[in-house]
Structure formats: structure tokens, C-alpha cells
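Reviewing the structure listed below.
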Amino acid sequence: GSAPEVHAFQAETRQVMRLMVHSLYSNKEIFLRELISNASDALDRLRFAGLQNPEWLQGDSDLRIEIEADTESGTLTVRDNGIGMTREEVLENIGTIAHSGTRRFLEQLEAGQKADRQQIGQFGVGFYSAFIVADSVTLLTRKAGTAPEQGVRWVSDGEGEFSIETADVPGRGTSVVLQLKEDEKEFLQHWNLKQLVQRYSDHVGFPIHLRRDPQPDGDKAGEDGEWEQVNTATALWALPRNELSDSDYQGFYKHLTHDVDDPLCWAHNTVEGAQSYTTLLYVPRKAPFDLALQRDERHGLRLYVNRVFIMDAAQHLLPHYLRFVRGVVDSQDLPLNVSRELLQENVLVDRIRAAVVRRSLDMIGKLNEAGGDEYAAFWKEFGTVLKEGVVEDPDNRERILPLLRFESTRDADPADMTDLPAYVERMTEGQDAIYFITAEHAQAAANSPHLEVFRKNGIEVLLMSDRVDEWMMSYLHEFDGKPFKSVAKGDIDLGKLSQSSPDADEGEPESGQLDEDLIQRIDACLGDRVSAVRASQRLTDSASCLVLGEGEMALHLQKMLQQAGQ
Ligand code: ADP
Ligand code: MG
């Protein structure tokens, strides 16, 4: 090999490593899951590449992961015979932060915003988790299709530098050797490793072999210890539901998403017939910190064809408003060499996508029917994103609407949310519209003078203060045959609902002339700034309020656009 070259990590990489070690210490065993997941990715990629280059697999087609503990030297090795890396790829992938989400996450942490430090685990920082338990890490790798002397050795103590050199690597693939810290020696114990693999990686689609450490006084184990396959190594989604327990599903979710929490719910379905496919979908318990901005393409929805991993395909299989859904889709009918272009214009893909949407909404619907804290938790994390679906997916609007939650004037505490079916149920005799108000924040909505006459007449009004609400309501015209009506726009005619009409009738004759005079004077004062000044029955306590035309944009949005210089 060449002489070792020493490189400094990027400042960001150092920062991520420091954060990892400190924030994830209480979940330190995740390092094993991360290394196994990288090995499994590398095997997936080799299997896929092997379709084009069958010679890459020749002589070593038994794809697997090996884990070996050596108590003597205090090292733990995770090895795969997967795709491997060239020197350039090592420099590119190990030691630099490629994922833009990681960068944004760091910026938020620095800005002192409330990003949860544990969420660091959601990004492509998996490899660095090795430094939670290791003093130094050695990576030996050789890319499939290259010669043994083109191997690469990468070594780092995780402090600020790493060294890299070419080296002879006899077999294809990658070995990661951890020199464990003095007080992390528990990760050398056979039963501990076995248990961890079974808990988190049981359904990794490749066999994981664990080597028994040679027992000094043991009689069963041979000199070098025996290899033992410790995981089931079946694609979990390909098994029938009745053979799977909750903890199987939860463990697989963690393998898939790198989440430290259990999922909120999941749905597992197989369709057989003219087209056969399996979907296994999950809703996480926590939203990623930047959910509002973008979808997490990498940990979204994995597309398999006959259990061969093809690509992360959330972009093609999930609409934007369901970008929080995670899982696996396995199709029996798509060609193995399916490309992104093909995914874009394929009827099979369209049908699978429609099914993924339906299953996702059904899964959320079930959570909704179960009610209680779980749905409230879902709504808090993903409610605003789901609302986008009202606009983005009119075909499924009828499925989405009953899932929405709103604050309302019904309760003393508006945080007790209502859904639309319950609102309609409570509508008073003769009420023919669903009333709502949008405002900048909940307090402003609840205190609006527009609500006075509704309060007085006991008519419930939905209080909307999400950023997306005004936009959503401009697309939403009715629910269950009842039109939506903003209490701040256009004419409000409570008609026979109004309990105050007898008083108002009595008052009318005397105040008529006074109103006219007053109105003319106010109109003259305000001039062009308003389109009209009118007497109204919508107020009971306040003297006046601004009313918008039927098609006008809400005031707080107008203000926002003005501030943005539009
Ligand atoms: P992620 O897996 O989310 O991309 P990691 O930090 O775990 O992030 O790994 C970074 C990159 O290093 C991987 O994307 C992959 O390109 C490369 N890599 C890591 N481990 C292996 C391995 N065992 N074989 C091949 N490539 C690997
Ligand atoms: Mg990884």
C-alpha cells in the first residue's frame, strides 16, 4: 500500500461526531444497528449492481454480514461482502457530511432553536455512531470488481483527523473494526451482541453471523469459536401478518428509519391478483425537525422488486402531504432494472401509489377512530402537513376531511379540538353553514369581535390559526353538504337563528336615521380605505369591525405579504 495520508475532518463532521457522542450516549447500542444497516445497504447495492455485472458476485455469492468480537484485543468487527468502496468513495462518504438536512439541523441547534438533539440520529451520521463506543475505528474496504491491492484502509480516533492509505484487502466488501473504549467492553459479550442483533436487526434481509469468542475453558466451542446465524434474515414484509408480533414490526421500523422511538402505528397489506405487491407503512411518533420544509427522501419509502432493494422512492410513491409516512413497497411486477424515469410514467406505479395513499389514510383513520392521546399526538406532529392534502389531493378529500381537527368556540379551552363530523352533529336547528374564522394566532381568533353575535346565539365557530388554514379554506367549499362560511367575510345572515332579532326589530325605527348620519360621516372619514360602511347585526358588544369581501384575503395574510414587500 501507499504511505498513509492524514486528512482533517470538516468542521461540520467534527461537530456532528461530538454531538453524536454526547446526545446519543443513552442509546449507545444504536451503533451496532447503524453498522449493520450500512452493511445491509452495501449488500442491497451489490445485489442490484450484480444484475448488470454478474461477474462481481462470482466466487463469493453468499451475501452476508459477520460480527466478530475479540476479547483479547478488545475489538468488535462488523464485516460485509457487499459493494465496498473505492478510495474516492471513502473520502466522499466517510468524513464529510453529505446530507443537507444534517447541515440545517446543526444550524438550528446553533441558533438555539428547539431541535431535539436526539434527532441527530435521523440523518446520515450512522457511521460516526461507532465513536460513541470506540476509541478508534478502522475501516477496510474493497470495491466490487476491483483487485485486492486496490483496497483502502481508513483509520480515525474520531478527534479531528483520519488517515487513509491503499492496502491489500483479500475479499470484496467492507470491515469496520472498533477498538472499544475501556468501559464499553460489554459489547464483546456474545449473549449481549446476539440479543441486540435479534432486537434490532432480526429481519435484515441478509444472514448475520456471529462468532463465538473462543472459550478458554469451554468444551463445546472450537479453537477459533464457531459462527452462528443469529437473525431470521427474512424480509419481514413478506411474512404473513399472523406470524408477526408487535415487537417484530417495531424492531423492523427502527432498522428502517433509524428512529429511537417506536412508531405510532403501522399497516401491512399484500395484494395479489393482476398486480401483486406488498406495502408495509408506518407513522413515526415524532416529526423530523424540518418536516415543514421538505420530505426526507432517504428514510421515506423503500421500493423493492421481489425483495431486491431498488431505490428510495418516496417521491414517486407518496404525495407531498404524506411525506411523514415511512415503509416498504415490494412489487412483483415491476422490472428489476426499473429507473426513475420509468417510475414517473408507469401505470403499475400509479396504481401502487394510489394504494399507498389509500392505505396510509386508512391507517391514520384507524388511529383516529381509536381516538384518545395517540391521535392527539399524531395531530400535533403531522396535522398541518395532512391539511395540505385537502388542496393537493382533491380525489381523497372526503377521506382526509374527517381526520382534521380544529379549535372551536364550543369549549372554554379551545385546545380541546373538534372534528368536522362532530361539529355538524352539534349544528343548531336551522343552521345551514359551518362557520369558521382564520387569524394569525389562536388568541386573536378567539377574541375576534366577529364572534360576538355567534357566541350570543350559541352558534359554534371553528377557530383556525395555522399558517395553512387560510390557503386550505380557499379550496374547501363544503363538508357533508354544508358550505363553509367565514364569519369575517361578506354578509352574515343568521336569519331565523338569531335570538336577538326581536330586540333589533324594535330598535330599528328610532336608530335608523341616526345610523344613516353616523355611517355617512364615518364613510367620509375613511374615504378610499374601505369599500363601504354599513350597519350590521354581527356585533353585540363592540362598536365596529372590519369585514372582508367574500373573495378577499384574510387581513393577517395581507399584512404578512405587505411585510414581505409584495
Ligand atoms: P447513511 O447510511 O445514512 O448514508 P452513514 O454515515 O451510515 O450514513 O454512511 C455514510 C456512507 O458511507 C453510506 O451512505 C455509504 O455510502 C458509505 N458506507 C458506510 N458503510 C458502508 C459499507 N459497509 N459498505 C459500503 N459503503 C458504506
Ligand atoms: Mg447508515
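Where a number appears in this text, it was derived from the coordinates with a stated rule and is not lab data. Quick caveat: nothing in here was measured; it's all calculated off a predicted structure. So basically every Cβ, Gly included, is an ideal-geometry build from the backbone, and we count neighbours across all protein chains shown.
Candidate cross-link partners of residue 28 among the lysines, defined by an alpha-carbon separation under 23 Å and a same-chain spacing of 8 or more, comprise 114, 181, 185, 194, 254, 286. When +1 charges are put on Lys and Arg Cβ atoms and -1 charges on Asp and Glu Cβ atoms, the dipole computed for region 234-373 relative to its Cα centre reaches about 160 debye. Neighbour counting of Cβ atoms within 10 Å sorts the residues 85, 311, fewest neighbours leading, into 311, 85. Computed from phi, the 3J(HN,Hα) profile of region 416-432 under the Karplus parametrisation 6.51, -1.76, 1.60 (θ = phi - 60°) reads 6, 8, 10, 10, 5, x, 5, 4, 4, 4, 8, 4, 7, 3, x, 6, 10 Hz, with x in place of Gly and Pro.
Separation of region 148-203 from region 251-265 is 23 Å, based on Cα centroids. Close amide H contacts of residue 210 (hydrogens built in the peptide plane, cut-off under 5 Å, sequence separation of 5 or more or a different chain): 67, 228, 229, 230.
Taking a point 7 Å from the Cα of residue 52 along the Cα-to-Cβ direction, the residues of region 321-346 with backbone N closer than 13 Å to it are 337-340. For residue 161, nonlocal amide neighbours, meaning residues 5 or more places apart or on other chains whose placed amide H falls under 5 Å from its own, are 9. Put the Cα centre of region 366-438 next to the Cα centre of region 42-56 and the gap is 48 Å. For residue 108 and residue 18, the FRET efficiency from 1/(1 + (r/R0)^6), where r spans their Cβ atoms and R0 equals 25 Å, is about 0.95. Between residue 340 and residue 26, residue separation times 0.36 nm minus the direct Cα-Cα distance comes to 109.1 nm. Distant-in-sequence amide contacts of residue 479, defined by a placed amide H-H separation under 5 Å and a gap of 5 or more residues or a different chain, comprise 484.
For region 22-72, the set of GluC sites (Glu not before Pro) satisfying both a DSSP loop assignment and a count of at most 15 other C-beta atoms within 10 Å is given as 72. Phi-derived couplings, Karplus 6.51 cos²θ - 1.76 cosθ + 1.60 at θ = phi - 60°, listed residue by residue for region 9-22: 5, 4, 4, 5, 5, 4, 5, 4, 5, 4, 4, 3, 4, 7 Hz, with x used for Gly and Pro.
At 0.36 nm per residue, and after removing the present C-alpha to C-alpha distance, how many nm does the segment from residue 272 to residue 241 gain when stretched out fully?
Length difference between fully extended and current span is 9.7 nm.
Taking other residues whose beta carbon is less than 9 angstrom from the beta carbon of residue 404, and scoring Lys, Arg as +1 and Asp, Glu as -1, yields +1.
What net charge do the residues around residue 394 carry, taking every other residue with its C-beta under 14 Å from that of residue 394, with Lys and Arg at +1 and Asp and Glu at -1?
Every neighbour counted, the sum reads -3.
May I ask which of 387/489; 380/559; 366/456 have a Cα-Cα span longer than 31 Å here?
Flagged as over cut-off: 366/456.
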